[in-house]
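No lab work stands behind these numbers, since they all come straight from the coordinates. The model shown is predicted, which means the values in this text are computed figures rather than measured ones. Positions of Cβ are backbone-derived with ideal geometry, glycine not excepted, and every protein chain shown enters the neighbour counts.
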Amino acid sequence: MRGKILFAAGLAVGYVLGTRAGRERYEQLKGAVKGFWNDPRVQQRVDQVEDFVKEKAPEVAEFVTDGAKNLVGQVTGRGSSTKPTPAKPTTAKKPATKSGTAASS
């Protein structure tokens, strides 16, 4: 649904910017959009979406906050990670030459 709305908006913007009809056609299109927006059915859906967002916003905020805290903890190594990440052993090896011995200077 969101994709359809964005597509329609893109068409409208493209038409307005690409038309040679000028200001008169722009005003005509603006009136049609205003009429659509003020339609009671559209406003009913807008109200439903607003209510849904108001209901879900605290949950989403909590989820995002927890995720950010976990991410920061994993990056700094001080977080509450469910599974510890083992440290990788670091070994310094001298590069070998063709004969298989370490290069000497």
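Laid out as a table, the results:
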| item | result |
| --- | --- |
| Under 12 Å, Cβ to Cβ, from ALA12 - net charge with Lys/Arg +1 and Asp/Glu -1 | +2 |
| Cα-based reach from LYS30 at 19 Å (exclusive), listing aspartates and glutamates while leaving out same-chain residues under 8 positions away | ASP39 |
